[in-house]
Amino acid sequence: MNGEKGLMVAGGVVAVAKRRSSFVEGALILGVSGVVTRLIGAFFKIPLGNLLGGSGMGAFTVAYQIYSALFLLSTAGLPVAISKMVAEARGRGCPGEGKRIFRVALGTFSLVGLLLSAGLWVASPQVAALVGSPQAAPAVRAVAPSLFLVSIAAVIRGYHQGLGDMVPTAVSQVLEAVGKLVVGYGAAVILLNRGCSPAQASAGAIGGVTVGSLLGCLYLLLHPREEEEGIGGRGLSVGRCLVRLLAISLPVMAGSLVLSLSNLMDMAIVMNRLQDIGFSQQASGGLYGTYNMVTTLFHLPQTLITALGVSLIPPLSGALSRKNRMLARRLSDSALEFAALLSLPAGVGFCLLGRPLLELIYFARPQDCALGAPLLVILGPGVFFVAMTTMTNAILQAMGRVRTPVYTLAAGALCKLGVTYVLTGKPTVHIGGAPWGTVCCYGLITLLNLRALYRAGMGVSWDKVFFRPALAAGLMGAFLVFLRLPVEGALGPRWGFAALTLSGAAFYGLMLLAVGALPREDILLLPGGKNLAKVLRLK
């Protein structure tokens, strides 16, 4: 009996290790894809702005925002819902049910996407006129077919994610970005050379989005899907499947809408409050533009954190469907731990090295860098809160508590709007109220989500998830403060920033080992982890 119990325990530990390894590998794949996609996006938008100018970019932006809104309505929450349902079906030993879910979702949402595409194509002049930009009608029509393509892609991505395969999602995202860059920019250049107006050239530019969507969709359709023999598919009716899909995806979509609306309202509040205290409309726009410049950097670390969240939902949903609480708790703790390990040093870096980072990237805008540096310092702690919000939302969604993030996001949005309204109306704070609103928003959401997890029986190991990584990040901060002046004095601001970043990262890694925040089992999850553990002589 003792031997059998020992084998069961050992088997459970092996299962935990395999699931955690799979989850981290998936996150790394999506993280690399996200970074590459963001870089390609930057290479697309910056030269495109120089090429099209204000009027052309105005038409491009209008068309893209219309597309983004309809994209959100048609696909938001869909990959999450499908991946969760497929993972749960596999966890119950019913792979046939997972295939049934995929077929129903593909047929239904392909039809939805087709109707939206056709409607936007036909009504593009009216839609463009409705938003006050009739010259954007050709661009709106050029992007319309994308809605059909991304609906198909969202379903296939969700299915593969439910199987634990993140490669199709990653590759298709990169293909979409490459298509957008090459075809979109190339078409804009050709149209301008042929004498077309910037507004007409913007249609060619945004046509790259459609071509990129086509490339990504074709790859996903041609990528072989795992075929399994299993039970459970015939008993699941189309109606039940759709109801379940909508029950999961609609709250996720609602949460996305809450954040989008709060960002729009936040912009309006900032602009109006700045003018209330004496700034001109032009000066208010300039201040808000500087803040947007800073938030672009602020959201960069979230590329990897979002990848962690996407990768976590399938294994966690599968573990919960098998009622394996030990595995679910270990996966949850690991996800929160890795999010903290990534976000805390990034936040400290923004606080201490924000200005040289801004000057390195926006070297042609020294005044904006000087104004934006204090804003990035305020946003530093928010990096951790955004990371925790992302991960706790993913955990709650995997647990089936998909409505909870909607409520907490709404509470955070109200907090953000209130804090921003009060602080931006103070002349001594002005634009600094906007980052304070963001930090308070995500701080509140983090607290509410952690409280919800605790009530659901999924408590957090505070020592492992927060205190040890925070101690290592704090020591790294002290190290950077000690070195900054002599290093920048010897190497100059740019090379000094590079040297401080590299030395700070190395010191942070050593501190993680010193305080026990990165044990051997976590190192083994990383690429080359076995060799690294041997070098560090970790047992």
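Within the option set 422, 429, 406, 377, being hydrophobic (A, V, I, L, M, F, W, C) and under 19 Å from the mean Cα position of the chain (by Cα) holds for one residue only, 406. Scanning segment 196-213 for residues that are over 12 Å from residue 48 (Cβ atoms), in a helix (DSSP H, G or I) and hydroxyl-bearing (Ser, Thr, Tyr) yields 210, 213.
Sort through 309, 347 and tell me the only one that's within 22 Å of the chain's Cα centre (by Cα), more than 30 Å from residue 92 (Cβ to Cβ) and in a helix (DSSP H, G or I).
347
The residues of segment 419-466 that are touching a Gly at 6+ places or on another chain (Cβ under 7 Å) and of a type in the set (Ser, Thr, Tyr), listed by number, are 420, 424, 438, 442. Just to be sure before I move on: is residue 387 within 30 Å of residue 449 (Cα to Cα), within 18 Å of the chain's Cα centre (by Cα), in the same structural domain as residue 297 (by TED's automatic domain parsing) and at pLDDT 90 or above in the structure I sent? Spelling it out, residue 387 is indeed within 30 Å of residue 449 (Cα to Cα), within 18 Å of the chain's Cα centre (by Cα), in the same structural domain as residue 297 (by TED's automatic domain parsing) and at pLDDT 90 or above.
Scanning segment 150-176 for residues that are over 30 Å from residue 319 (Cα atoms) and touching a Gly at 6+ places or on another chain (Cβ under 6 Å) gives 175, 176.
When segment 89-103 is filtered for residues that are basic (Lys, Arg) and over 14 Å from residue 163 (Cβ atoms), the ones remaining, listed by number, are 92, 100, 103.
In this structure, does residue 478 turn out to be aliphatic (A, V, I, L, M) and either in contact (Cβ under 8 Å) with a residue 24 or more places away in the chain or closer than 11 Å to residue 348 by Cβ (or both)?
Details: aliphatic (A, V, I, L, M): yes; either in contact (Cβ under 8 Å) with a residue 24 or more places away in the chain or closer than 11 Å to residue 348 by Cβ (or both): yes.
Answer is yes for this residue.
Restricting 80, 36 to those that are crowded, with 22+ Cβ neighbours inside 10 Å, of a type in the set (A, V, I, L, M) and modelled with pLDDT of 80 or more reduces the list to 80.
Tell me the residue from 92, 141, 157 that is among the charged types (D, E, K, R) and buried (at least 23 other Cβ atoms within 10 Å of the Cβ), please. Being among the charged types (D, E, K, R) and buried (at least 23 other Cβ atoms within 10 Å of the Cβ) holds for just one of 92, 141, 157, which is 157. Applying a threshold of 8 Å to beta carbon distances and a minimum spacing of six or more residues, or different chains, the list of pairs starting in segment 415-429 at a residue that is over 12 Å from residue 273 (Cβ atoms) and ending at one that is among the β-branched types (Val, Ile, Thr) and surrounded by 14 or more Cβ atoms within 10 Å (Cβ to Cβ) reads 416/438. Taking segment 273-285 as the range and being surrounded by fewer than 18 Cβ atoms within 10 Å (Cβ to Cβ) and touching a residue at least 12 places away in the same chain (Cβ under 8 Å) as the test, the residues that pass are 276, 277, 278, 285.
Of the residues 63, 69, the single one that is crowded, with 22+ Cβ neighbours inside 10 Å and assigned to a helix (DSSP H, G or I) is 63.
Take the conditions assigned to a helix (DSSP H, G or I), among the charged types (D, E, K, R) and outside the structural domain of residue 258 (by TED's automatic domain parsing) and apply them to residue 451. Does it pass? When the stated conditions are applied, residue 451 does not pass them. Could you please find all residues in segment 262-285 being out of contact with any helix residue (DSSP H, G or I) (no Cβ under 7 Å at 6 or more places or on another chain), modelled with pLDDT of 80 or more and within 18 Å of residue 417 (Cβ to Cβ)? Result: 268, 272, 276. Being of a type in the set (A, V, I, L, M, F, W, C) and either assigned to a helix (DSSP H, G or I) or modelled with pLDDT of 85 or more (or both) is a property that residue 175 has. Of all residues being surrounded by fewer than 21 Cβ atoms within 10 Å (Cβ to Cβ) and touching a Lys or Arg at 6+ places or on another chain (Cβ under 8 Å) in segment 294-315, which is nearest to residue 78 (Cα to Cα)? Just the residue, please. Per the stated criteria, the residue is 303.
The values are calculated or read from the model by the stated rules, or taken from the named source; none is laboratory data. Note that the structure is a prediction, hence the values are computed from the model and not measured. Every residue, glycine among them, receives a Cβ derived from its backbone with ideal geometry; neighbour counts consider all protein chains shown.
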